[in-house]
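Right, one structure below, let's go through it.
The values are calculated or read from the model by the stated rules, or taken from the named source; none is laboratory data. Computed from a prediction, not measured in an experiment: that's the story for all the values here. Note that each Cβ is placed from the backbone with ideal geometry, even for glycine, and that neighbours are counted across all protein chains shown.
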Amino acid sequence: MSRRAPKGEYIETDTGNKVARRAVLVGTQNIMLGGKTVIQPEVMIRGDLSRTAPSSSSSSSGNASAPASNTAVAIGRYCFLARGALLRPPGRMYKGNFTYMPLRMGDHVFVGQGTVVQAATVGNHVQIGKACTIGEFAIVKDYVKILDGTVVPPNMVIPSFSVVAGQPARVVGEIPEGGHDEFELRDLYKTVGNNPQPPAS
C-alpha cells in the first residue's frame, strides 16, 4: 500500500489547514483552527459540546464576545492530530447546571494516534504520545512531552519542560536545554496532504 495520500483525501482550507475527509468534526461552528493544522482520518473533534449560554444573556445586543464564548475547541497553528485522536471539551457542574468549558490548544502540538484529550489547556510545543488519556481540566504547559500510554488524571497541572509517563501520570524527566527543535512541526505539516513533500533529510 502506497504511503502517498490518494488525491482528494484531504481538504485544504484558506488558512492552510489540512483536514481529512474521513475526520469527524461535530459542531464545526464551535471549532477554531489557527492555521496549518493537520487533522488525520478518524480524528473526532466534539465542537457540539459547547458551553450553553444562559437565556438571559441572549437578550443583550451588541455583545462582541458572544460568538467567542461558544467556542468549544480552539486549536493553534501547526498542530497535528494523528489518526483516531479524540478532542472533547471538559464538562462540570456550574451553578446547578452541567456545562462544558472550552478546550484550548496552543501552537505546534502533536496528538498521537488513539489519544483522548479533555484538558482545559494544552500549551505550545507539546508532544502527546499514542493511546494517552488527558483527563478533564488538566493543564499542560509549554514544551511538554507525554509518553505513549500515559493517563493524565483530571485537574493535573504539568509544568513546562517536563517529560511525563505512567498511569497515573507523573513527571519522569525534563526536556534538556537545546532539545526544543523536536517540538517544531512545520516539516511534518509539509509531508501530509494531497501533494505531500518528502521529509527533509
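Filtering the stretch 88-106 to residues that are outside any strand (DSSP E or B), free of Cβ contacts under 8 Å to residues at least 40 places away in the same chain, surrounded by fewer than 20 Cβ atoms within 10 Å (Cβ to Cβ) and not charged (D, E, K, R) leaves only Gly96.
Every condition in (1) among the hydrophobic types (A, V, I, L, M, F, W, C); (2) assigned to a strand (DSSP E or B); (3) in contact (Cβ under 8 Å) with a residue 12 or more places away in the chain holds for Ala131 except the one numbered (2). For the stretch 142-155, the set of residues classified as crowded, with 18+ Cβ neighbours inside 10 Å and over 19 Å from Lys130 (Cβ atoms) consists of Asp142, Tyr143, listed by residue number. Checked against (1) assigned to a loop (DSSP other than H, G, I, E, B); (2) in contact with a strand residue (DSSP E or B) (Cβ under 7 Å, 6 or more places away or on another chain); (3) at pLDDT below 95, Ser61 meets all criteria but (2). Count of the stretch 89-136 residues, restricted to those that are among the aromatic types (Phe, Trp, Tyr) and under 18 Å from Gly47 (Cβ atoms), is 2. Scanning the stretch 68-87 for residues that are surrounded by fewer than 20 Cβ atoms within 10 Å (Cβ to Cβ) and assigned to a loop (DSSP other than H, G, I, E, B) yields Asn70, Thr71, Arg83, Gly84. Name the single residue, out of those in the stretch 6-32 being part of a loop (DSSP other than H, G, I, E, B) and small (Gly, Ala, Ser), that is modelled with the highest pLDDT. Ranking the candidates gives Ala23 first. Whether any residue in the stretch 104-123 is in contact with an Asp or Glu (Cβ under 6 Å, 6 or more places away or on another chain) and farther than 14 Å from Phe80 by Cβ is what I want to check. Yes: one or more hits. Asn195 meets each of the listed conditions (1) at pLDDT 95 or above; (2) under 26 Å from Pro41 (Cα atoms); (3) assigned to a loop (DSSP other than H, G, I, E, B) apart from (1). Hey, Val126 hits all of (1) in contact with a Gly (Cβ under 6 Å, 6 or more places away or on another chain); (2) in contact (Cβ under 8 Å) with a residue 40 or more places away in the chain but one; which does it fall short on? Checking Val126 against (1) in contact with a Gly (Cβ under 6 Å, 6 or more places away or on another chain); (2) in contact (Cβ under 8 Å) with a residue 40 or more places away in the chain, the one that fails is (1).
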